[in-house]
Amino acid sequence: MGKLFEIRWHGRGGQGAKTASILFADAAIGEGKYIQAFPEYGPERMGAPVQAFNRLSDEPITLHCGVDSPDVVVVLDPSLMETIDVTQGLKQSGVLLINTNQEPKVMKDRLSNFGGKLWTVDASTISKEELGQEIPNTPMLGALIKATNLLDFEGMLEDTRKKLTKKFKSKPEVIDGNINSIKRAYQEVKGE
Amino acid sequence: MRVAKTGNEAMAEAMRQINPDVVAAYPITPATEIVQIFSGFVADGVVNTEFVAVESEHSAMSACIGSCAAGARTMTSTSSQGLALMWEMLYIASGLRMPIVLAEVNRALSSPINIHCDHSDTMGARDCGWIQIYCENAQEAYDSLIQAVRIAEESLLPIMVSTDGFIISHGMESMEMLEDAQVKAFVGEYKPQHPLLDLDHPITIGAIDFTDYYFEHKRQTIEAMRNAKGIVAKIGQEFGEKFGRHYGFFEEYKLEDAEIAIVVLGSTAGTSKVVVDELRQKGIKAGLLRLRLFRPFPYQELANALSGIPCIAVMDRSDSLNSAGGPVFTEIRSALYDLEIRPKMVNYIYGLGGRNIDLSQIRSVYEDLATNKTDELVRYLGVRE
Amino acid sequence: MSKEAWQDLPIGGLILEGGTATKYITGDWRSLRPIWDEEKCISCLNCWIYCPDSSVLVEDEKMIGIDYDHCKGCGICAKECPPKVQAIKMVSEAEFRK
Ligand code: SF4
Ligand code: SF4
């Protein structure tokens, strides 16, 4: 990788965009990368559009400004696309990953000016089936790795399992549910 | 051990490893987490600290002064309005020569109300007799807080170590943590000089000083602040030798042969380094000085480091509202007054209330310097006009 | 009296011993002097309780006199002495300087 890699997450307050960026950073640090994870701050309002960011590099990162032209954009809630331009600043060669039950082709047609690669995955359904709740951010991690090859999937899975085991000792169903949802999203994500 | 931590987590971890005797604090955004995480350590019994939950920051600093006077290693944390509410107690802490360590998170002062980063809070407290260290990132905040304990106790002055609110306090990044035992050995055991709880040697603290003594006692504090410089240098060096990360009064980045340079504090320095690298690749001799120690102010060393650079921009993340520029600018300009050849100097006020400071804004500053656009003494970067 | 230079003073305005108030002679601030009549006194110690300058001297639960080095002559002791006893009278200092 070497060069700096930037990700922007779009979600709604309460959907876990910030948590997703932290989970991703945590997994990346396990692979010896230098990372940053930070949300866009403001008053915390349930349901309001929010953003979170990641930076990733093989070298130390000194940048401390906002992310203007990300390499990847991840959309946790497709309804956001009706009100905001999620491709804003996204590099022309960039990757756009959307949580939706639509095919990539359908989404691509709606974003005529985006020239990069588009991926879709139904993370909401996956999380509902595997976790019993709609928490799309965890499965999106699996899909993101498939779409970008930024991290080693098996290594990331192992790392996540370790962290979840520490946190949810008495709830093995939560650990398995999360791991399964990440695996499924990794397998089910589709690129056009 | 490389870990991913936010600035607040890094400071809370440092506090855990320092394991102070007393922490008295009141929560305020964006510093709340520091004490919140630390109070978790207290509840879990991983530290031996007496945690004093108080009803305001004024009380927090008062309790810190009391506990420090009693002979306890004492820490606290605050931000913005919280620091402002501590005001009168800040002076009392330094006047009584209490080595209190404060983990500060920089946030704009009201009004208008705002929770985001600028340096108006600590800059406002610059003359209250506290040592001040401004950090670029979570790593430095962690390292500096550990050093701060020793610096305060050797200089017998209180110290505040600050990070940029949200940008560093809530941004997670890679950093290296030391082992608990390494920190324990580095900070050592606190041996207070005249603890109130030493009942065999009763003392009086806070006696009134009229016209006949006040000046002498202030003169002592002035001298202590002068001496603190050497202590900061010595402990920074010792830390570097032990752990490989060296800290001085400031960091010079490609400054040696620079023809244009900026002086900047905190997280913006990191962003600016990227611009310096860009310009260097184009053959432009750009440099940067990141000031870390603002109190005591290392004016001679700054003059040495900046001498010979024809054009310097000083970046201030607060304004003195004196109609003559920000606090860093006026002091750096004064530091360079005795140079035989004085540089052209300009001031940029930026990032007030958390306004994003991006690469293009910093590029524009170097561009101004390179093209001699330096007639205006003070310019405002990133404000709509 | 010549006072210490800043280099020679304890830091932080500390006073490194206890009970130093006894060294501060405030008796010469007095314009009225309490005169105690040992004969009348019943050692109820009202004056000892109320004296704001700890200038009423007591030994073995008996009043034994007044510390004129520190008594500021406020007259509280005379006021608080029980009306039927009136063992303390305030007298102008001028009387003693004649
Ligand atoms: S006159 Fe006042 S100061 Fe003097 S002994 Fe009486 S009460 Fe105390
Ligand atoms: S108040 Fe009057 S009677 Fe009582 S101890 Fe004092 S002098 Fe004696």
Exercise. Quick check, is B:ARG2 more than 14 Å from chain C (Cβ to nearest Cβ), modelled with pLDDT of 95 or more and over 25 Å from B:SER120 (Cα atoms)?
Worked result: no
Exercise. Within the stretch C:76-85, can you find the residues that are loosely packed, with under 14 Cβ neighbours inside 10 Å and within 10 Å of ligand 1 (Cβ to nearest atom)?
Worked result: C:LYS79
Seminar exercise, completed: The correct count of residues that are within 14 Å of another protein chain (Cβ to nearest Cβ) and open to solvent by 10 Å² or more (accessible area, probe 1.4 Å) in the stretch B:257-280 is 4
For this session: Provide a single number: the residues in the stretch C:26-60 that are under 19 Å from C:PHE96 (Cβ atoms), among the polar types (S, T, N, Q) and near ligand 1 (Cβ under 9 Å from one of its atoms).
Result: 2
Problem set entry | Those residues of the stretch C:61-75 which are surrounded by 17 or more Cβ atoms within 10 Å (Cβ to Cβ), within 16 Å of C:LYS89 (Cβ to Cβ) and more than 7 Å from ligand 1 (Cβ to nearest atom), in sequence order | C:MET63
Seminar exercise, completed: From the option list B:ARG290, B:ARG333, B:ARG295, B:ARG317, single residue qualifying as open to solvent by 60 Å² or more (accessible area, probe 1.4 Å) and under 21 Å from B:THR122 (Cβ atoms) is B:ARG333
Exercise. Which residues, taken from the stretch A:3-43, are of a type in the set (Phe, Trp, Tyr), at the interface with chain B (Cβ under 9 Å from one of its Cβ atoms) and surrounded by fewer than 24 Cβ atoms within 10 Å (Cβ to Cβ)?
Worked result: A:TYR34, A:TYR41
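For (1) surrounded by 19 or more Cβ atoms within 10 Å (Cβ to Cβ); (2) within 11 Å of A:SER181 (Cα to Cα); (3) within 14 Å of the chain's Cα centre (by Cα), each residue gets a yes or a no:
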residue: A:ILE126; (1), (2), (3): yes, yes, no
residue: A:GLY142; (1), (2), (3): yes, yes, yes
residue: A:ASN149; (1), (2), (3): no, no, yes
residue: A:MET156; (1), (2), (3): yes, no, yes
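Of the residues that sit in the stretch A:44-59 and are among the acidic types (Asp, Glu) and in contact (Cβ under 8 Å) with a residue 40 or more places away in the chain, which one is surrounded by the most Cβ atoms within 10 Å (Cβ to Cβ)? Break it down stepwise before answering.
Of the stretch A:44-59, the ones among the acidic types (Asp, Glu) are A:44, A:58-59.
Among the residues that remain, those that are also in contact (Cβ under 8 Å) with a residue 40 or more places away in the chain are: A:58-59.
Values: A:ASP58: 13, A:GLU59: 11.
The extreme case among them is A:ASP58.
The values are calculated or read from the model by the stated rules, or taken from the named source; none is laboratory data. Source: prediction; values computed, not measured. In this analysis, Cβ positions are derived from the backbone assuming ideal geometry, glycine residues included, and neighbour counts consider all displayed protein chains. Note: accessible area is taken over every heavy atom of the protein model, side chains too, but ligands, DNA and RNA are not part of it. Shrake-Rupley method; radii C 1.70, N 1.55, O 1.52, S 1.80 Å.
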